[in-house]
Amino acid sequence: MYYVLLTLGFVFCVFGIVGFIYMWIAKRFSFFDKFKALVGVVLGGLLLWITLPSLKYMIFKEYDVVKGSCTIEIDSSGRSSEAIFRMPDTDEVFSFSDIPELDAYGKAIPYYCEVTVSKDHMFEVDYKIYDAESKELITNK
């Protein structure tokens, strides 16, 4: 997901800048063309502003592993579902688009989780879910 956001940010910025250059060369400045180019630059800049600080961690695979008890909830609002990992030990919440196959989900079912994230804890990489008592590996991504 990280690389998709980074690529979209780059593409939107490039298309927005090319749109402004084209308007300047053609000497056509319609409102809709200016709006499209401005939205492209702003949206691309926002995506780059979010993703670029984590770029060195993702390229060099400098990850942190957050360990501790967790609860896993399934959020199926909208078109897609996602698994939400809540880690009460560190007060962090991580979400993954793939849903692990477990017997039970929810706040009442505790697990022991190891979630791998970027060093700045902005982007999730993978997870391992263990049984809370026996620490036996149940599933991983």
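What follows draws every value from the coordinates through simple rules; no lab data is involved. Fair warning: this is a prediction, and the values are worked out from it, not measured in the lab. Backbone-built Cβ (ideal geometry, glycine too); neighbour counts: all protein chains shown.
Annotations
- Contact order normalised by residue count of the chain, Cα under 8 Å, 6+ apart, percent: 19 percent
- Segment Ile74-Asp98, length gained on full extension (0.36 nm per residue, minus Cα span): 7.6 nm
- Rounded to whole Hz, the Karplus (6.51, -1.76, 1.60) HN-Hα couplings of segment 61-71, x for glycine and proline: 6, 8, 10, 10, 10, 8, 10, x, 5, 8, 10
- Entry note, the chain: the mean residue ellipticity at 222 nm calculated from DSSP H runs of n ≥ 4, each adding -39500 (n - 2.57), is -12000 deg cm²/dmol after division by the residues and rounding to the nearest 500.
- Per the chain, cysteines lacking a partner by the 4.7 Å Cβ criterion: Cys13
- Residue with peak Gaussian network fluctuation, the chain [Cα springs, cutoff 10 Å], from Tyr22, Tyr63, Tyr111: Tyr22
- The stretch between Phe10 and Asn140 holds 43.6 nm of extra length on full extension. This uses 0.36 nm per residue minus the Cα-Cα distance.
- Scaled against the 2.2 N^0.38 Å expected of a compact globular protein of N residues, the Cα radius of gyration of the chain reads 1.42.
- 3J(HN,Hα) along segment 115-125: 10, 8, 10, 5, 4, 8, 6, 8, 10, 7, 10 Hz, from the Karplus curve 6.51 cos²θ - 1.76 cosθ + 1.60 with θ = phi - 60°, whole Hz, x for Gly and Pro.
- Close amide H pairs (under 5 Å, H built 1.01 Å from N) link Gly68 with Cys113, residues at least 5 positions away or on another chain.
- Summary of the geometry: segment 112-134 and segment 33-61, compared by the centres of their Cα atoms, lie 26 Å apart.
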